[in-house]
Amino acid sequence: MAESKAAWDQVGQEFRELGRQIKQHYEQQPRPAGETGPAGPTGQQGQAGQGGAEAPGDQGAAPAADRRKVDDALQKLTESLEQAFSALGDAIRDPQFGEQTKKAAGSLSDALTATFSEASERFRKK
């Protein structure tokens, strides 16, 4: 039991290192223009629901404003996904990442071997 636990602990360490390397590549990606934080360039969240009741003539403006907010959110999501996949692509091309991936795969293989070995020993004893 101790052997498989140590092996799985090693798997965790190796995959944490892979995650750290991907994070490092992500943080090195250029940010989209105007992006300064989660609230956007102005630092203000959406204005929906603020300012009281709408004027009767503003009813047509609300759907257009909502549509604009949805479009902006989708654009930000697209940019974030592009950034994340670019970082992942950069990490995959990094030789150090390749070496770490091999180490992590080897650790996973060792952990599975140790686990199945211990399980078979238990069944033999019964």
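A few points about this structure:
- Residues being of a type in the set (Gly, Ala, Ser) and over 17 Å from the mean Cα position of the chain (by Cα) - total across segment 69-107: 6
- Filtered residues of segment 88-126 (kept if of a type in the set (Ser, Thr, Tyr) and surrounded by 11 or more Cβ atoms within 10 Å (Cβ to Cβ)): Thr101, Ser107, Ser109, Thr113, Thr115, Ser117
- Close contacts from segment 109-126, counting a first residue that is more than 10 Å from Trp8 (Cα to Cα) and a second that is in a helix (DSSP H, G or I) and of a type in the set (Val, Ile, Thr), with Cβ to Cβ under 6 Å and a gap of 6+ residues or different chains, come to none at all.
- Selection of segment 64-100 for residues being in contact (Cβ under 8 Å) with a residue 60 or more places away in the chain, part of a helix (DSSP H, G or I) and either charged (D, E, K, R) or over 23 Å from Lys5 (Cβ atoms) (or both) yields Ala87, Leu88, Asp90, Ala91, Gln96, Phe97.
No lab work stands behind these numbers, since they all come straight from the coordinates. In this text the structure is predicted, and so the values were computed from the model without any measurement. Here Cβ is always computed from backbone atoms with ideal geometry, including for glycine, and neighbour counts include all displayed protein chains.
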